[in-house]
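The block underneath contains the structure these notes are about, expressed in structure tokens.
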């Protein structure tokens, strides 16, 4: 989401930087450095791994409210921050895809794994998707809202970290697991928290990108055939045995994006980037804990805004 360099006039030019070999990737991000985002990734040894593609886009008109703010953090390239985020199957461009990612690993989801094995279901048949619902405009996907510094995002020329909060109308978006083209599992609404560590230099080699969600409850779709219903039940059983909820977690290094595309039909710039998703089985906080977290978060945000006002 950050490794492109754009110049939008009559044409669109780009420089794409390739990803760094695993042996020299940057260290895992230190979440104690976050100020705006109070949610944290939850460790889990039970998860499904998906590999695929996400899509980010923004209005090419720099005066439009959904053009995205310019990155200001130390060592950032100063790109427009993508205002919208969605899965590949919900891209503004016609991709013909039905999913954002494909299952490529199962860790401690024993019932789910056994069901796949016993019924000769290949990992490639299992997908993950997220984005605006099919009857909604693509601009109703997750976005930066008012795109206000200190509210929807946080960055500073004194820090190499940028924080972004992508939100949406819960009734307009969805996230799900599919078997083939059949949706079998649905997840509740969550904001997506995006963190960018631009490292100690302007090079992308020391960059870290992290995206994660709230802890969510899960449900299965109704009217499934017997095989799909059994697969959904196996997934739910594993989730219930490991805390009762899930969290989406993405961590990537020196991210390689696609060549940004200006779509003259919509006036938006669209760029694809990797989706190395871990779908973790986690505990969902009790309602009282959620209220406590919201209170702490609001106090923290108030402090940030007061500090910004005084400066």
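The values are calculated or read from the model by the stated rules, or taken from the named source; none is laboratory data. Small disclaimer: the values here were computed from a predicted structure and weren't measured. Glycine gets a Cβ as well: all are built from the backbone with ideal geometry, and neighbour counts include every protein chain shown.
Results, tabulated for the structure shown:
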{"quantity": "Residue 113 in contact with a helix residue (DSSP H, G or I) (Cβ under 7 Å, 6 or more places away or on another chain) and either over 17 Å from residue 186 (Cα atoms) or crowded, with 22+ Cβ neighbours inside 10 Å (or both)", "calculated": "no"}
{"quantity": "Unique match (being within 12 Å of residue 269 (Cβ to Cβ), surrounded by fewer than 18 Cβ atoms within 10 Å (Cβ to Cβ) and at pLDDT 95 or above) among 60, 64", "calculated": "64"}
{"quantity": "Verdict on residue 127 being buried (at least 22 other Cβ atoms within 10 Å of the Cβ), at pLDDT 95 or above, closer than 20 Å to residue 220 by Cα and touching a helix residue (DSSP H, G or I) at 6+ places or on another chain (Cβ under 8 Å)", "calculated": "no"}
{"quantity": "Qualifying residues in segment 205-227 (those that are more than 17 Å from residue 192 (Cα to Cα) and modelled with pLDDT under 95) - the one surrounded by the most Cβ atoms within 10 Å (Cβ to Cβ)", "calculated": "207"}
{"quantity": "Where a residue in segment 59-72 is over 20 Å from residue 138 (Cβ atoms) and its partner, wherever it lies, is in a loop (DSSP other than H, G, I, E, B) and at pLDDT below 95, with Cβ under 7 Å and at least six apart", "calculated": "70/78; 71/77; 71/78; 71/79"}
{"quantity": "Residue within segment 42-51 that is assigned to a helix (DSSP H, G or I), farther than 21 Å from residue 136 by Cα and either within 14 Å of the chain's Cα centre (by Cα) or without any contact (Cβ under 8 Å) to a residue 12 or more places away in the chain (or both) present", "calculated": "no"}
{"quantity": "Filtered residues of segment 121-145 (kept if free of Cβ contacts under 8 Å to residues at least 12 places away in the same chain and under 23 Å from residue 164 (Cα atoms))", "calculated": "137"}
{"quantity": "Residues (without any contact (Cβ under 8 Å) to a residue 60 or more places away in the chain and either in a helix (DSSP H, G or I) or on the phi < 0 side of the Ramachandran plot (or both)) located in segment 106-120", "calculated": "106, 113, 117, 118"}
{"quantity": "Any hit, segment 52-65, residues being part of a loop (DSSP other than H, G, I, E, B) and within 24 Å of residue 175 (Cα to Cα)", "calculated": "no"}
{"quantity": "All strands (runs of 3 or more DSSP E) inside segment 128-222 with 1 or more residues being farther than 22 Å from residue 235 by Cβ", "calculated": "161-166, 192-197, 208-213"}
{"quantity": "Residue match in segment 97-105 (condition: touching a helix residue (DSSP H, G or I) at 6+ places or on another chain (Cβ under 7 Å), in a strand (DSSP E or B), in contact (Cβ under 8 Å) with a residue 40 or more places away in the chain and at positive phi)", "calculated": "no"}
